[in-house]
Amino acid sequence: MLETVRWITAEGRVLASHEEGVQLIPGKLRIIDQAKLPQELVYLELDDIEEIYNAILRLSVRGAPAIGCAAALGLAACAQHVDESVSFVPEVERLAERLAASRPTAVNLFWALERCLSRLRKCDGLAVDTLKGELLREGLAILEEDIQMCQAIGEQGAPLIKEGMGVLTHCNAGALATGDFGTALAPMYVARTGGRTFTVYSDETRPLLQGSRLTAWELQQSGIDVVTICDNMAAQVMKEGKINLVIVGADRIAANGDVANKIGTYGLAVLARHHNIPFYVAAPTSTIDAALEHGGLIPIEQRDPSEVRNFGERATAPEGVRIYNPAFDVTPNELISGIITENGLHRPPFDFG
């Protein structure tokens, strides 16, 4: 699997997330720069708060679980450089607040940062080097749990994929979006390992083309049969009988099972219902925000209009035209056949307790 988010030591060694005896191992957050794919496979090594903030903001690292892992390890990387002349815990809280401002919708970002801060607060009063080590251990624990979560989601969801099926997915919820297998793509990887053959249709996912740039590249690298389609082709492909199943990821799930995911997901759910195609969401339990009663309360990130106004360096809309560019939409729970988590397959009515 691609090592999308990892800790790289000062000696250049990738630190295994499960490595025992970790206290403080100086190093940096290492991520694949997904903005460069598929043309280039480039790794970024970061330990500056503004660099990590911008990497999350510009989608060099993206996907709710990967953002959470990157934020946790990024916080540990930046905390290494906190001067002992300042109060350590308040300064790390300030760093975490900056990272939390990068993207408002993916709940894993806030969950991971708060988990790291909670551990730090419990250890407040210990030596600064010990606190730095605790922060790194917590970040690595989050990464390791994410790796195990991906495998578990894959095993829970793989039975849905039958021999010869056509499976549609949207955006990228694979290894590039997590610490390992992915969420929506995890059942596909497990099913293929089990010997099943099937075709994955990857929506291109306008305006930033995560489905064509990332999902198609990732599946092609793994040897899974993949066909990329434009977003507005999905209805026709469903009508032709090529799609038997839809599996997508999630950036936040409300307590009632409403799901926020990449813009265009809601439309696919409507189309799937019309064509009697099962529509599933795959996500870790950390993506469930029990504090939000329904999806209407989920904050929706508004992205830079230039993402729609331009395609690369080329203008694709008239200069001065107004642009509306929400990054996510919310799929109501009544359109969802089931939500696959590491703990099992949840079906309506959704109760995550």
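Each value in this text was obtained by applying a stated rule to the coordinates, not by laboratory testing. The structure displayed is predicted, hence computed values, not measured ones. Every residue, glycine as well, gets a Cβ built from its backbone with ideal geometry; the counts of neighbours run over all protein chains shown.
Points worth noting:
- Within the straight-line cut-off of under 23 Å between alpha carbons, the lysines reachable from K132 are K28, K122, sequence neighbours fewer than 8 places apart in one chain being disregarded.
- Loop-resident trypsin sites (Lys or Arg not before Pro) (DSSP state other than H, G, I, E or B) in the range 262-353 with no more than 11 further Cβ atoms inside 10 Å of their Cβ: R322.
- Taking the DSSP beta bridges with both ends in the range 155-346, the antiparallel portion is around 40 percent.
- Rounded to the nearest 20 debye, the dipole magnitude of the range 60-116 is 360 debye, with +1 charges on Lys and Arg beta carbons, -1 on Asp and Glu beta carbons, and the Cα centre as origin.
- Rounded if a/c under 1.5, otherwise prolate or oblate - the range 155-346, Cα gyration tensor axes: oblate
- Phi to ³J(HN,Hα) by Karplus 6.51 cos²θ - 1.76 cosθ + 1.60 over the range 276-282, Hz, x for Gly, Pro: 6, 10, x, 10, 10, 10, 10
- For the range 295-307, the Karplus equation 6.51 cos²θ - 1.76 cosθ + 1.60, evaluated at θ = phi - 60°, returns couplings of x, x, 8, 6, x, 10, 5, 9, 9, 4, x, 4, 5 Hz by residue, with Gly and Pro reported as x.
- Antiparallel bridge percentage (DSSP; both residues within the chain; nearest 5): 55 percent
- For the range 1-99, the set of GluC sites (Glu not before Pro) satisfying both a DSSP loop assignment and a count of at most 16 other C-beta atoms within 10 Å is given as E3, E11, E19, E20, E40, E84.
- Fully extended contour minus Cα-Cα distance, from V321 to D48, at 0.36 nm per residue: 94.6 nm
- Full-extension gain in nm, V14 to E163, via 0.36 nm per residue minus C-alpha separation: 49.9 nm
- Amide H partners (placed H, <5 Å) of F328, local residues excluded: I263, E301
- Under the combined filter of DSSP loop state and at most 12 neighbouring Cβ atoms within 10 Å, the range 287-331 retains these GluC sites (Glu not before Pro): E293, E313, E319.
- DSSP bridge orientation in the range 235-353 - percent antiparallel, rounded to nearest 5: 60 percent
- Working from Cα pairs under 8 Å separated by at least six residues, relative contact order for the range 155-346 is 22 percent.
- Whether the range 153-215 is rounded, prolate or oblate, judged on the alpha carbon gyration tensor where a/c under 1.5 counts as rounded: oblate
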